[in-house]
Structure formats: structure tokens, C-alpha cells
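The values are calculated or read from the model by the stated rules, or taken from the named source; none is laboratory data. The shown structure was predicted, so the numbers you read here are calculated from the model rather than taken from an experiment. Here the Cβ positions follow ideal geometry from the backbone for every residue, glycine too, while neighbour counts run over all protein chains shown.
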Amino acid sequence: MVSVDPQIWIAAFFTIAATSYAFRDNVVFKFAENTFIGVAAGHTIVMGVKNIRDYGWTHIMQGEMIYSVAFLLGILLYARFHRDYYWLYRYPIAFLVGNGIGISIRAAIHSDFIVQVAATASPLIKSDALGTVNALITFVGVVTSISHFIFTQEKIHEGAIGIVPKIGRWMMLLAFGASFGNTVMSRFGMYQGRIIFLLREWLQII
Amino acid sequence: MDYRRDIPLAITFLIGIIAVLDYYTGVQVITDTFTLIKNWGVVIQGFALGLGAVNLLRVHGKRISQRSGGTDWMFSGWLLLMMAMFIVVGLGTGQYDAGPTYSWIYNAIYLPLGATMYSSLAFYMAYGSYKVLRARNFDAALLFITAVLVIMGNTPALAATFPGLFYTREWIFGPIVSGAYRGIRIGIGMGAVVLGIRTLLGMETGYLGRR
């Protein structure tokens, strides 16, 4: 018994339409593609306006007039369309860049540097042989992959010492292969979800 | 002082320093200021999204007015119609994404399209892997070996028949992946900090544009 819910039918149509590109580029896929871009843009704008209300307008309504500066900066973004006053858009952009960099520096120092170094700086000899081998491989992987990115000393990539960054490259290739395999499988897992939707909720045969 | 260039650089420096100081000092005044900055940032980002919509209108509006790209202009019209529909339903009701009509359209169109578009990339990845991962040399062979082992270890039927595949996959994600990625993350961390400091000090000015 096929579903009679129009929402399920529309969802099923777009699921099939989006997949149709696997065979070749076609009108149905173009339709789905443009629909997706349109709704994604619309949804993003709705969420953006919601954020402006929650994080800005609500404060102004409570008398915190300092939040009107954020509105002024936001409006200045649109100055980039003006021929003479385009440079005004640099003020809000500078604000966003400063904010983003400040947050990323904090995160980079803590999670990308301190935590990673601390996790590596542990005893190499473990209670079991496999644990020791794993700790050694991890340590070698960290040191050699970092050495691969040393570009200020070209000689590190030459001669006998050149084997160190080379091992780093091999370790990274192994890791990238594993990440690739994992990504492919997770995408196929998601696609299975769409197939199950078609069979269970639309066609109702499973 | 060039107010077109120096004031933006000063704004970047000031905001960035406050964000860093908030993390390292914990002084209440700085924390409160940074909370204000974060909220302002969300508001400005909201306005920036509108900028994207304006650009979308300009590009597709031009295509429609010029009837360019064969029948592509019709799709541009449809794209703008879909965008307008979401905005009208979301903002017109005043309920944003919580309204029943909005949820209905979201579940009927956005959700299936997003999930299918994202997951169908698996086909292209599989095809690309066939072309790229053919073991032409030692480097490609390394990529190929772990990719195949992880795919087999992630396949339920294979992993259930040969449990060793599952444990091999687990082991690969232990010392090999964590070792290599840890090195990469340390490198990324150092690079991000250096780039951040250079930008805060006004040595990187690409974000100000070329005009």
C-alpha cells in the first residue's frame, strides 16, 4: 500500500530526483538542485533573522541600547554595493574577523596544541606488548608527520634524514586512506537511510 | 590616519585581543565585554546572511532578465521563488522555524534533498576512488590498503563473517590515524596561531578587499 501523504510523496520525489544525477545530468536533477539551493538560502535567512531577534532585538527591547551598534554594523555590510562608500563594509568585516580570530587562537592553542602534545607525551612502555607497539607507532607518527611540514629547513627533506619526513608522509597517507574509507561508508549508510525511507514510508513494502 | 584602512585594522586588533584576554585572564569585565562582542557577532552574521541573499538575487535576477543559459533562467526563477516561499512562511507567521507550515515544507523538501544530496556524493567518491586509488605507486597503494580495510571493516556482513576485519579497522583508527592526525593538528594549531597573530597585528589584510 503506497503512502497517500503528500508530504511523503514530495520527499520521495526529491529523493529520487537528487539521485538521478548518478546516471547523468538531467532536467529533473536541475529542478531538484535549484529547489535545494533556494530552500537552503531561504532557511538560512529565516534562521539569521531569528538570531538577530534573539541576540539583538530582544536586548534593545529590554533597554540595552548598546546593541543598536550591532545593528548599525550589520547595515554597514550593505555599503559594499555603494560605489563611493563601499569601504564602510570593512568595519563590520573587521569586527567579524577579529572575533573569529580571537576565538580560533584560543581553540587552536588549547585543543590543537596543548591537548595533542599532552596526549603524545605519555610513557611509551605500556603494561602489554601491543600497547607498547601502539604507543611507539603513535609517537613516530606524530613526530614524523610534523617533520613533513618543516619547510624552513629544506635539508630535512634530503639525504639520510629525509627518511623521517618520508615516514611522516606514509603515515599520513595511511590515515587519509582510513578517513576516506570511513567517509565513503558513512555516506553509503546515509544513502541506505534514504532507500529505507522510499521502501518503508513511501512504498510501504518493508 | 586612513580611516578606510586603519580603523578596521584597529577594530580587528581590539576585538581579537579581548577574545584572547577573556580566555587567559577570566576578569569579569573582560568576560562581560566578550559576551557582548559574541552577541554582536551573531547579529552581524545575521545581516551578512542577508548579503548572501542579495547576491543570489543579483545573480539569478540578471539571468532571468537576460533569459540566458537556454532554459536555465526558468530554474533561476524557481530558485528565487523557493527562497521567497521559505522567507515568507518563516517570517510572515512570526514563528520562524517553529511554525507547523514551515516544519511541513522543511520536512517535505529541505530534509530529503539535503540528506540525499549529501549521501549521494558516496557514488562519486566511490567512482573517484576507483580512478585515483588504483595502486600506481607506493603512495597510492598505502591510501588504497587502509581505505579498503576500513571499508571492509565497516561492512556489517563482512565484519560479522571475518571479525578480524573489524579489529583491524579499530587498530588502524588507533595508533596510525591518531598518530598522523595528531601531528597534523599540532601543525594546524601552530599555523592558526601564527596566522591569527599576523592578522591581529595588521600584517595580513586580505579580508579588507582590494579596492
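Screening A:L199 on (1) part of a helix (DSSP H, G or I); (2) at the interface with another protein chain (Cβ under 10 Å from one of its Cβ atoms); (3) out of contact with any Gly (no Cβ under 7 Å at 6 or more places or on another chain) shows it passes everything except condition (2). Here B:G191 meets the list (1) assigned to a helix (DSSP H, G or I); (2) more than 22 Å from the chain's Cα centre (by Cα); (3) more than 8 Å from chain A (Cβ to nearest Cβ) almost entirely, failing just condition (2).
Results for (1) touching a residue at least 40 places away in the same chain (Cβ under 8 Å); (2) facing chain A (nearest Cβ under 7 Å); (3) among the polar types (S, T, N, Q); (4) farther than 23 Å from B:L201 by Cα, shown as yes or no for each residue.
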site	(1), (2), (3), (4)
B:G16	yes, yes, no, no
B:V27	no, no, no, yes
B:R67	no, no, no, yes
B:W73	no, no, no, yes
B:D97	no, yes, no, yes
B:S103	no, no, yes, yes
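Has the stretch B:41-57 got any residue that is closer than 20 Å to B:G196 by Cβ, assigned to a helix (DSSP H, G or I) and not aliphatic (A, V, I, L, M)? Step through it out loud before you land on a result.
Of all residues in the stretch B:41-57, those closer than 20 Å to B:G196 by Cβ come to B:41, B:44-45.
Okay, now just the ones that are also assigned to a helix (DSSP H, G or I), so B:41, B:44-45.
Retained after the next criterion (residues that are not aliphatic (A, V, I, L, M)): B:41, B:45.
For the stretch B:41-57, residues closer than 20 Å to B:G196 by Cβ, assigned to a helix (DSSP H, G or I) and not aliphatic (A, V, I, L, M): present.
For A:A22, are the conditions met, namely being closer than 30 Å to B:Y127 by Cβ, in contact with a helix residue (DSSP H, G or I) (Cβ under 7 Å, 6 or more places away or on another chain), facing chain B (nearest Cβ under 7 Å) and at pLDDT below 95? Yes: the conditions hold for A:A22. Out of curiosity, is A:V164 more than 7 Å from every other protein chain (Cβ to nearest Cβ) and out of contact with any helix residue (DSSP H, G or I) (no Cβ under 7 Å at 6 or more places or on another chain)? So A:V164 fails the test. Each residue in the stretch A:1-39 was checked for being within 28 Å of B:G61 (Cα to Cα) and outside any helix (DSSP H, G or I), and 3 of them qualify. Scanning the stretch B:86-98 for residues that are surrounded by fewer than 17 Cβ atoms within 10 Å (Cβ to Cβ) and under 27 Å from A:R194 (Cβ atoms), which turns out nearest to the chain's Cα centre (by Cα)? Once the filter is applied, the top-ranked residue is B:D97.
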